[in-house]
Amino acid sequence: SSSLLGAMGERRRAHAMLFPFPCSGHINPTLKLAELLHSRGVHVTFVNTEHNHERLLRRGAASGGALRGREGFRFEAVPDGLSEEERAAPDSTVKLYLSLRRSCGKPLEELARRVASRGDDDDGVPPVTCVVLSGLVSFALAVAEELGVPAFVLWGTSACGFACTLRLRQLRQRGYTPLKDESYLTNGYLDTPIDWIAGMPTVRLGDISSFVRTLDPTSFALRVEEDEANSCTRAQGLILNTFDDLESDVLDALKDEFPRVYTIGPLVAAMHGRVNRANGLGGAAAGLSLWEEDFACMAWLDAQPAGSVLYVSFGSLTVMSPDALAELAWGLADSRRPFLWVVRPGLVAGGANALPDGFVAETKDRCFIAEWCAQEQVLRHRAVGGFLTHSGWNSTTESICAGVPMICWPGFADQYINSRYVRDEWGIGLRLDEELRREQVAAHVEELMGGGDRGEEMRRNAAKWKAVAEAAAAKGGSSYDSLDKLVEQLRLGCQ
Ligand code: UDX
């Protein structure tokens, strides 16, 4: 009977094995989801690649310590199959994607079987009862099928980003892509209205994704994105790091296509509100940063006036040309405002992150350059008043949760649609042209950070969205309830 099944289900704990694509933009939200599931009593196995696992261990106490895990929360690792040469290649992300697909299924499956039999917890490790994947590792849907357990996909973009990616196939079939020749990049074609994506009546072709900007009929990136998004239909449920009020129209439309959509974001707000309180974890305990954070920037921020600093960072994957770097540098210098700039190793194509001659001398009294920072903390610092971002979805949600308006410079994937919504739908940002020009950079910084009406309005809107985001993640909010439903569904899977 159902009550007997219910009683049995209560005795067996749900055990989620989570496996993100091995980059910061996927690891960060997946880890937050893992923490939230664990705080609700779900047993967690979090799987990194061996390469990242070792990299984190080498980082010592900060991240290495976090890898020790705790009761009901274990970190494990599987090989990514890449050689050192492939890892150093300019297209290493593509190589990594292919290598995981080719070689990672069996190790994941074996790992899932092994962790349950090891019994190294006080009360034993229950069998894996579900697999949670981030986007780009859809090959592991087959692992869940082999194990006979349900799979859930945490797609790491906005709902809009996901809806657009789903439609890349139709864009190709209807002849919008690939572009006919180079001139289509600049002749206004990318402004073609696309009014047939449900819930998104005002988008234009160029907003949809960087992957529509291709002349190549066999574009690898385009195929991968559309295949990965469409493969989500094979999962039991789709988990999105967004909240209902932010993207209600597109979410309503997606729910027609996907019977189980869990909108549990913004994960950064959910974590702040709940896990910290429930487990007494400090913010840092939940992080697995692949780069060492420079905490000296926090002391520098402490010395700056409230709302005065522009934070500049393009996430973990963006690569820019030396010319673009120089235009950005001089635009920031010309803005005459204080800025904290993350110049990540590998940010500039060709290797060296050389800043233009004279730039450091000219800006040294109002600039701090870090290789990597604790971004969530930085965005919440009272000195930070604006964020110049590549519009990755994590950065965007972190900025929303901190109430910080943005200047967007999207570069690839979903970043175009995110920036479109940031500027036009949510009213919390400006957007730079694709080709960076120092005059525009300086003018946008002035508009965002200065005392003008538009800046005021963006700050007001940002404060409003911060409050709405927090309410969604708080007890009784839509994201809180959605997480409840997800946990319920995971428990059903063990009966
Ligand atoms: C990728 C894709 O590029 C992006 O389009 C997609 O939406 C998510 O996956 P990435 O480019 O790295 O991610 O950007 P983003 O989503 O913004 O994630 C970057 C993460 O790194 C954020 O969580 C941010 O807090 C963190 N970060 C960045 C730091 O902790 N320190 C830094 O100095 C910079």
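Any read-out appearing in this document is the output of simple, stated calculations on the displayed coordinates, not a laboratory observation. All figures in this text were calculated on a predicted structure; none of them were measured in a lab. Cβ placement follows ideal geometry from the backbone for every residue including glycine, while neighbour counts extend to all protein chains displayed.
A few notes on this one:
- With the simple spin-label model, which puts each label point 7 Å out from Cα in the Cβ direction, the Arg223 to Asp195 separation comes to 3.4 nm.
- Separation between Cα centres of the stretch 22-54 and the stretch 394-439, rounded to whole Å: 27 Å
- Helix 24-39 vs. the chain, principal-axis angle (Cα, 0 to 90°, nearest 10): 40 degrees
- Residues whose placed amide H lies under 5 Å from that of Ile239, excluding near-sequence neighbours: Val153, Leu154, Trp155, Tyr262
- For the pair Glu146 and Leu185, the difference between a 0.36 nm per residue extended length and the Cα-Cα distance amounts to 9.6 nm.
- Residues within the reach of a label modelled at Leu98 (point 7 angstrom out along Cα to beta-carbon, backbone nitrogen below 20 Å), restricted to the stretch 221-244, are 221-229.
- Charge dipole (debye, nearest 20) of the chain; +1 at Cβ of Lys and Arg, -1 at Cβ of Asp and Glu: 1100 debye
- Sum of side-chain charges, Arg366 neighbourhood, beta-carbon under 10 Å (Lys, Arg +1; Asp, Glu -1): +1
- Given charges at beta-carbon only (K, R positive; D, E negative), |dipole| of the stretch 405-482 in Debye: 260 debye
- Highest average first, the peptides 295-308, 40-53 ordered by how many other beta carbon atoms sit within 10 Å of their residues are 40-53, 295-308.
- Per the Cα gyration tensor, the stretch 85-162 maps to an equivalent ellipsoid with semi-axes of 27, 18, 12 Å, ordered largest to smallest.
- Rounded to the nearest 10 degrees, the inclination of helix 393-402 to the longest alpha-carbon principal axis of the chain is 80 degrees.
- Sorted peptide list for 376-387, 353-364, 74-85, 411-422, criterion being average Cβ within 10 angstrom, highest first: 411-422, 376-387, 74-85, 353-364
- Projecting the Cα positions of Phe75, Ala142, Val125 onto the charge dipole of the stretch 41-192 (unit charges on Cβ atoms of Lys, Arg, Asp and Glu, taken about the Cα centre) puts Ala142 furthest along the positive direction.
- In units of the rule-of-thumb radius 2.2 N^0.38 Å, the stretch 16-119 shows an alpha carbon radius of gyration of 1.09.
- Ranked by how many other beta carbons lie within 10 Å on average, peptides 155-168, 230-243, 24-37, 198-211 from highest: 155-168, 24-37, 230-243, 198-211
- Charge context of Thr263, other residues only, Cβ under 14 angstrom, K/R +1, D/E -1: -4
- Derived scalar couplings between HN and Hα for the stretch 446-462 equal 4, 5, 6, 9, x, x, x, 4, 5, x, 4, 5, 5, 5, 5, 4, 5 Hz in order, rounded to whole Hz, by the Karplus curve 6.51 cos²θ - 1.76 cosθ + 1.60 (θ = phi - 60°), x for Gly and Pro.
- Local net charge near Met200, Cβ-Cβ under 12 Å (Lys/Arg +1, Asp/Glu -1): -4
- The stretch 364-495 - percent relative contact order, Cα under 8 Å, separation 6 or more: 20 percent
- For Ala14, residues with placed amide H under 5 Å, excluding near neighbours: His43
- Entry note, the chain: relative contact order of 16 percent, from Cα contacts under 8 Å with a spacing of 6+ residues.
- Tail beyond 25 Å, pair distance distribution of the stretch 142-270 (Cα, percent): 31 percent
- Note, ³J(HN,Hα) from phi for the stretch 430-443, Karplus 6.51, -1.76, 1.60, rounded to Hz, x at Gly and Pro: 10, 9, 8, 5, 4, 8, 5, 10, 4, 5, 5, 4, 4, 5
- For the stretch 292-304, 3J(HN,Hα) per residue [Karplus equation, 6.51 cos²θ - 1.76 cosθ + 1.60, θ = phi - 60°, Hz, x = Gly/Pro]: 6, 7, 8, 7, 4, 5, 5, 5, 4, 4, 3, 8, 9
- For the stretch 380-435, diffusion coefficient by Stokes-Einstein and Kirkwood Rh (Cα), 10 °C, 1.306 mPa s, µm²/s: 145 µm²/s
- Calculated log₁₀ intensity ratio I(q)/I(0) where the Debye formula runs over C-alpha points of the stretch 414-479, q = 0.12, 0.28 Å⁻¹: -0.40, -1.17
- Whether the stretch 190-255 is rounded, prolate or oblate, judged on the alpha carbon gyration tensor where a/c under 1.5 counts as rounded: oblate
- Base-10 log of normalised Debye intensity for the stretch 380-495 (one unit scatterer per alpha-carbon) at q = 0.17 Å⁻¹: -0.83
- Each 10 Å bin from zero holds the following percent of Cα-Cα pairs in the chain: 4, 19, 30, 28, 14, 4, 1, 0.
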